[in-house]
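Shown next, in structure tokens, is the structure this report addresses.
Derivation of every value follows stated rules applied to the coordinates shown; laboratory data play no part. Remember, predicted model here, so these are calculated numbers, not experimental data. Cβ coordinates were reconstructed from backbone atoms using ideal geometry, including for glycine residues, and neighbour counts include every protein chain displayed.
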Amino acid sequence: MATVGGGAKPSTCVFCEIARSSASTTLLHEDERVVAFQDIKPAAFRHYLVIPVEHISTVNDLKRRPEDFSLVSHMYDVGRTLLRRDAPQSTRYRFGFHQPPLNSVNHLHLHCLALPFTPRAYTDGKA
């Protein structure tokens with residue numbers, strides 16, 4: 001697996017394990033460039049992550065190159081397609097990346113959300 005940005009791929013990158021299908025995560029989408037799965041702490045009615053198979057550490061490692069634009073466009077298209085399939089009643093979607101140092105996993109991931117947002121107290125099992 002190739003690595004972009006930040007030197008060598010971390011040996012314990014959980015998203016790399018998911019992309020290689022070596023984790024127990026259920027994939028909602030898989031192709032040669034990206035995989036998609038549910039966020040483990042959903043913040044909305046539907047909350048998916050789309051990640052590149054190739055390890056790219058953060059959005060800061062993306063450049064203004066056609067291949068990076070193509071990858072991000074593909075990530076967006078996959079997320080939008082999944083949300084339209086799984087939440088057709090939702091009329092509002094949100095998509096976004098975390099900016100370092102606010103990224104929780106050091107592997108590029110696009111958050112894809114079908115609103116409404118879910119209060120954290122409910123997602124953590126607290127009421």
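Think of it this way: in the chain, Cys112 stand alone, with no other Cys Cβ under 4.7 Å. Full extension of the chain between Ala23 and Tyr93 gives 22.4 nm of extra length, using 0.36 nm per residue less the Cα-Cα distance. Using just its DSSP H runs of length 4 or more, each adding -39500 (n - 2.57), the chain gives a mean residue ellipticity at 222 nm of -7000 deg cm²/dmol after division by all residues. Each of the peptides 61-68, 104-111 was scored by the mean count of other Cβ atoms within 10 Å over its residues; in descending order, highest first, they stand as 104-111, 61-68.
A simple packing score, the average count of other Cβ atoms within 10 Å per residue, orders the peptides 53-59, 79-85 as 53-59, 79-85, with the highest score first. The relative contact order of the chain comes to 31 percent, based on Cα pairs under 8 Å that sit 6 or more residues apart. Between Ala43 and Leu115, the distance separating the two model label sites (each 7 Å from Cα on the Cα→Cβ line) works out to 1.4 nm.
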